[in-house]
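The values are calculated or read from the model by the stated rules, or taken from the named source; none is laboratory data. Just so it is clear, the structure is predicted and the values come from calculations on it, not from any experiment. Neighbour counts run over all protein chains shown; Cβ positions are idealised from the backbone, glycine included.
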Amino acid sequence: MNQRKSWQDKIVYQIYPRSFYDTNKDGIGDLLGIISKLDYVKSLGVDVIWLSPVYRSPNDDNGYDISGYLEINPEFGTMEDMDRLIQEANQRGLKIIMDLVINHTSDEHPWFIQSKDPTSPYRDYYIWQDKLNNWTSFFGGSAWEKEGDSYYLHLFSKKQPDLNWHHPAVLDEIKKIMRFWLDKGIYGFRSDVINVIYKTSLDDGKKRFVLVGREHYHSQEGCHRILQTLRRDVLDHYDTMTVGETVLVSPKQANDLILPERKELDMVFGFEHMETDQINNKWFRTKFKADRFLKVITKWQEQVYWNANYLENHDQTRSVSRMGDDQTYHKESAKMLALLNLTLKGTPYIYQGEEIGMTNGDFTSLDEYQDIETHRIIALAQKLHFPKWYQRRMMKMSSRDHGRTPMQWTKAGGFTQGVPWLKMNQNTKTICVENEENDPDSILTFYRKLIQIRKSHPVWSDGSFELVWHRHKQYAFKRIHQDGSMMILINFQKKTKKMPIALKGELLLSNYPDSSIHQRHLRPYEAVIIKEAHHA
Ligand code: ISL
Ligand code: CA
């Protein structure tokens, strides 16, 4: 990086407020809950909290359907609580970035309610047509819904109508919203599905298996123009960090959004590494293949200017269940994944619960799932007469609820004194903060060590990435910097394997107690960091 950015050495922790910590026994996490756990968050060593939406919302899509951008969802608390959260976080040296959902609003947003009247000045805030086209939505089915004599576009649920970014008033409204929050002292935004906000045309899409119509709204020039405007008119007047959530982008499209000279976003979440275990879409999951996954990691490390590295978030199943082994090698594989995520070049994101090795939920039937996406897809699968066993498999392998089960604080759960909004995993008896807090060998302790290591040397935020060795499920790379280099070895499998690389230097960290730099065989999921002998 030619110019240091204030965010360049920061580590982000994502909080999904609904599932973090409940203080008033209604089974729903809240802002006071987050405040009371700030010392825990701080103790991890992270610098920035990404807060999933806390705005007013009817919760059709758990807050990603906003009905009041300048208000707090009463389930989570009040604006005073939010002000206190920002203040208490800042006092501890923690910054907060908020989710900014501007592709769509809720259908209960006052703009949309007024927009239903064809003569209203709000009509053009949304995308209305007399006839629908063949576009399909991210959650399955048509992307259009009838209202009165017309149809409106919704790329997500029908309660999430898409904003019309051709209308200058929409841009002005969003600028006001961003300034409102930045003036309160937040550090920036995670911008939801930001690369699909601008619809260049509403023509029929090419026939394809999923997301018909996407060539008309994906990575459009109009989107780049909007991002440049928001950056110039709003973001550049504050010290900020922005990360875009960008579905289906290639490394080239990612760079077009983040290269410094473009003045758009600071970094984006790619999806390609999360799509290596699926066919066409995530509902058709295959066995996880470390080899394919690591190839994509290398490609993004080599080709993308600066990565937002993540293995989990509120839309994904748990990484230890998906990519590791949540039974025999739970500890080893969770630590290996941590080590990979925190040593790559870019900004690491840790999702709540990932730091204790939380696993997928233990749901047993459809009615235990809450997510609108799961219910919509299963309804579709039923209509298409998919066998029952396959429907169960779809839920078990792909439902977003696996990443949303309540945070496991204690052996008894510890998330709420009421009934949790989503089923708590029974394995909280063994996998919980209470058990791991003071255990020197726990996953949690390992995260803390890794984060400290990351802070103690400039190679992690400034060093380059160089692939050293990749054969099947074995992976070795270097991070290189003038003040010293690091070698990272990963054995991404259950088998012990020989890694034919000569090592020199000092062992900094390993997920086995007795690793050594003379060892040639790496054990199941073994992962190590070696500080190379420094030649000045
Ligand atoms: O999870 C997905 C599909 O299963 C993704 O396609 C997801 O819908 C996509 O990443 C967009 O996600 C974001 O916007 C959605 C919201 O439901 C997600 O929670 C959010 O992360 C609509 O706002
Ligand atoms: Ca609550």
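Values computed for the structure shown
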| item | result |
| --- | --- |
| Given (1) over 17 Å from SER36 (Cβ atoms); (2) in contact with a helix residue (DSSP H, G or I) (Cβ under 7 Å, 6 or more places away or on another chain), number of the condition VAL433 does not satisfy | (1) |
| Extreme residue, nearest to the chain's Cα centre (by Cα), among residues of the range 18-77 that are among the aliphatic types (A, V, I, L, M) and within 16 Å of ligand 1 (Cβ to nearest atom) | LEU51 |
| Candidate set: the range 313-353, residues that are among the β-branched types (Val, Ile, Thr) and under 21 Å from GLY270 (Cα atoms); chosen: the one farthest from ligand 2 (Cβ to nearest atom) | THR343 |
| Enumeration of residues in the range 80-89 that are exposed (fewer than 15 other Cβ atoms within 10 Å of the Cβ) and either free of Cβ contacts under 8 Å to residues at least 40 places away in the same chain or closer than 16 Å to LYS37 by Cβ (or both) | GLU80, GLN87 |
| Residue satisfying condition, being within 16 Å of ligand 1 (Cβ to nearest atom) and part of a strand (DSSP E or B), within set ASP99, ASP107 | ASP99 |
| Selection count, the range 138-172, where residues are touching a strand residue (DSSP E or B) at 6+ places or on another chain (Cβ under 9 Å) and without any contact (Cβ under 8 Å) to a residue 24 or more places away in the chain | 5 |
| Which numbered condition ASP22 misses (of (1) loosely packed, with under 15 Cβ neighbours inside 10 Å; (2) within 16 Å of ligand 2 (Cβ to nearest atom)) | (1) |
| Qualifying residue in the range 498-512 (condition: closer than 30 Å to GLY27 by Cα, of a type in the set (D, E, K, R), out of contact with any Pro (no Cβ under 6 Å at 6 or more places or on another chain) and away from ligand 1 (no atom under 16 Å from the Cβ)) | no |
| Every residue from the range 322-355 that is among the polar types (S, T, N, Q) and either surrounded by fewer than 23 Cβ atoms within 10 Å (Cβ to Cβ) or assigned to a strand (DSSP E or B) (or both) | GLN327, THR328, ASN341, THR347 |
| Spans of helices (runs of 4 or more DSSP H) in the range 417-536 with at least 1 residues touching a residue at least 40 places away in the same chain (Cβ under 8 Å) and hydroxyl-bearing (Ser, Thr, Tyr) | 443-455, 459-462 |
| Selection count, the range 13-32, where residues are in a helix (DSSP H, G or I) and either closer than 17 Å to ARG56 by Cβ or not assigned by TED's automatic domain parsing to the domain that holds GLN408 (or both) | 3 |
| Per-region count, the range 25-72, residues within 13 Å of ligand 2 (Cβ to nearest atom) and over 18 Å from PHE415 (Cβ atoms) | 1 |
| Top-ranked residue of the range 285-303 - restricted to ones that are surrounded by fewer than 15 Cβ atoms within 10 Å (Cβ to Cβ) and over 22 Å from LYS252 (Cβ atoms), ranked as nearest to ligand 1 (Cβ to nearest atom) | THR286 |
| All positions within the range 397-411 that are surrounded by 24 or more Cβ atoms within 10 Å (Cβ to Cβ) and away from ligand 1 (no atom under 16 Å from the Cβ) | PRO406, MET407, GLN408 |
| Residue that is nearest to ligand 1 (Cβ to nearest atom), among those in the range 78-96 that are assigned to a loop (DSSP other than H, G, I, E, B) and closer than 27 Å to GLY27 by Cα | LEU94 |
| Matching residues, the range 20-50, being among the charged types (D, E, K, R) and touching a residue at least 60 places away in the same chain (Cβ under 8 Å) | ASP22, LYS25, ASP26 |
| Test: residue in the range 150-163 that is farther than 26 Å from LEU230 by Cβ and in a loop (DSSP other than H, G, I, E, B) | yes |
